[in-house]
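The values are calculated or read from the model by the stated rules, or taken from the named source; none is laboratory data. As the structure is a prediction and not an experimental result, all values here were calculated from the model. Methodologically, a virtual Cβ is constructed for each residue, glycine included, from the backbone with ideal geometry; neighbour enumeration extends over all protein chains shown.
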Amino acid sequence: MNTKTKTLVLATTAALFASGAVQAQKDRSQDIQPTQRLAPELLVPITGEGIVDCVSSGGTNCTGDIPEFEQGTLVSTFDVSGCGLINNVKVGLDVTHTWVGDLAFTVTSPGGTPVTVFDRPGVPPATFGCSGNDIQAFLSDAAGSPVEDECAGTEPTIDGEFIPNNPLASMVGELGDGTWTLEVEDFAGGDTGNVNNWSLDLDCAAQPQPGDALFWVSKQFADGNNESVTVQMQCDSGNPTQQEVTLVPNNNFVAGFVLSNIPDDSNVTCTIREVAVSGDAYVTDYYMSGPSGDGISEVECTFEGPLQDEVNSCRIVNSPRPVEVTVSKEWIYPRDGGQDVDDSVEITLQCNAPIRGTPEVEGTWTSRQWIRGTDDAVFFVTPTSWDPANSCRAWENINDSRVEQVIDGCNNLTVRAGSGDSCTITNTVFFEGIPTLSQWGMAIMALLMLGVGFVSVRRFA
């Protein structure tokens, strides 16, 4: 693969309309509308390490009209060489087309893995999706926002780097060498356009050669966190002795390390570990498998004496540590000289994540603690989701007419790895010393008061 940085010049042209009557005209007043239309820039450069594009690579149908609705599919291909194993891949699209919510783009790797990276953004909720024009974008698992939600009021309406509709991580670990394919389909009539160019930004590991040892590394956050993580392999012999790769773990992200020039006596020791991840928010476990290492470690994957042509694997799993959820109690007596509170109350916490010492019931965990006076109720919750975060709510079981209760922040507590939450329940007590009566007690008290003359009944004619 030519790893030289290239600049792709993406020319934005006017929309292409077929001659003659426009068929299947859309009534799309309820669809996503851009708020503003501006003249597009004529040249938009996109650069990146390892970028190869269809036009420069001499591919087929790199620049071509997209068949109209139900008229077929545009298929474009180009070849990549010298990539080896795929560590990461981004897809670049340069497309001129009105109403981009009509379109879907599928990229297929040389290994035959198809990924629909762009699938009619805005459908649903809108029937026909984003009504803006033109695309000049990279689709990357590591981007900050999904392409599905993008529909700017400028042209191109989709401009920048976005998360694809489906993860490209499913291609990681395959050989990048060979023919890559882009398929484009229009799913609604009335709008036309063309592909100007498309590209791949490939991060590749060396392809194993006869006599090399291969080490697969997979990464998983148990809560689905997509934080980038650097993984390092260190060997005391062979070539290279130290290697690093940055992973963007979409639940299972894979990299391949290759060790060459292995001594015949095979007295090599190799270790694989993360460089850093989120401080103390996670517990890290290393799972080793292969001829040179097998078992579980909390420190690193260790492989003793890997042989030529040998394959070993290291799976790294980060599991969130429990975090604290604290419910504080405050008591207020409006009258001066109010006595200290020594009452016990029951605090209940309910979460959609495990609470220590509490069984699961239909996807929720509910725990209760008795506290006295102004003590805090402290619960330990293990997060299971990064985005969206887990949620909890807390309340106090109290039924007393003397008490006015104010709950501050307890109805929407947020919990994720490394971050707990807290809230406060404040009780204001009125009419100290007067017992609370039930409805029957109040009725009896009223009758007694009538009997002793405290209350009279006056009859009006």
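Being modelled with pLDDT under 90 and either assigned by TED's automatic domain parsing to the domain that holds Val217 or under 21 Å from the mean Cα position of the chain (by Cα) (or both) is a description that applies to Gly279.
Gly224 meets the conditions (1) assigned by TED's automatic domain parsing to the domain that holds Cys301; (2) buried (at least 19 other Cβ atoms within 10 Å of the Cβ); (3) at positive phi in every case but one. The failed one is (2).
Select from segment 402-420 the residues that are part of a loop (DSSP other than H, G, I, E, B) and under 40 Å from the mean Cα position of the chain (by Cα) and write down the one among them that is surrounded by the most Cβ atoms within 10 Å (Cβ to Cβ). Step by step, filter segment 402-420, then rank; the result is Ala417. Screening the candidates Gly373, Gly363 for the property of being without any contact (Cβ under 8 Å) to a residue 12 or more places away in the chain and over 30 Å from Gly256 (Cβ atoms) yields one hit, Gly363.
Being touching a Ser or Thr at 6+ places or on another chain (Cβ under 8 Å) and within 26 Å of Cys204 (Cβ to Cβ) holds for only one residue in Asn226, Asn239, Asn267, and it is Asn239.
The criterion of at least 1 residues that are at pLDDT 90 or above, surrounded by fewer than 21 Cβ atoms within 10 Å (Cβ to Cβ) and in the same structural domain as Thr181 (by TED's automatic domain parsing) is met by the following strands (runs of 3 or more DSSP E) wholly inside segment 58-132: 74-80, 103-108, 114-119. Which one is modelled with the lowest pLDDT, of the residues in segment 157-194 that are under 21 Å from Asp141 (Cα atoms), polar (S, T, N, Q) and not in a loop (DSSP other than H, G, I, E, B)? Here the answer is Ser170. When Leu139 is tested against the conditions (1) surrounded by fewer than 24 Cβ atoms within 10 Å (Cβ to Cβ); (2) of a type outside the set (S, T, N, Q); (3) within 18 Å of Asp201 (Cβ to Cβ); (4) touching an Asp or Glu at 6+ places or on another chain (Cβ under 8 Å), the lone failure is (1).
Selection within segment 372-401: residues that are over 30 Å from Ser319 (Cβ atoms) and not hydroxyl-bearing (Ser, Thr, Tyr). The member of this set that is surrounded by the fewest Cβ atoms within 10 Å (Cβ to Cβ) is Asn399.
Checking each residue in segment 143-173 for being over 16 Å from Val100 (Cα atoms), buried (at least 19 other Cβ atoms within 10 Å of the Cβ) and either in contact with a Ser or Thr (Cβ under 7 Å, 6 or more places away or on another chain) or assigned by TED's automatic domain parsing to the domain that holds Val229 (or both) picks out Ile163, Met171.
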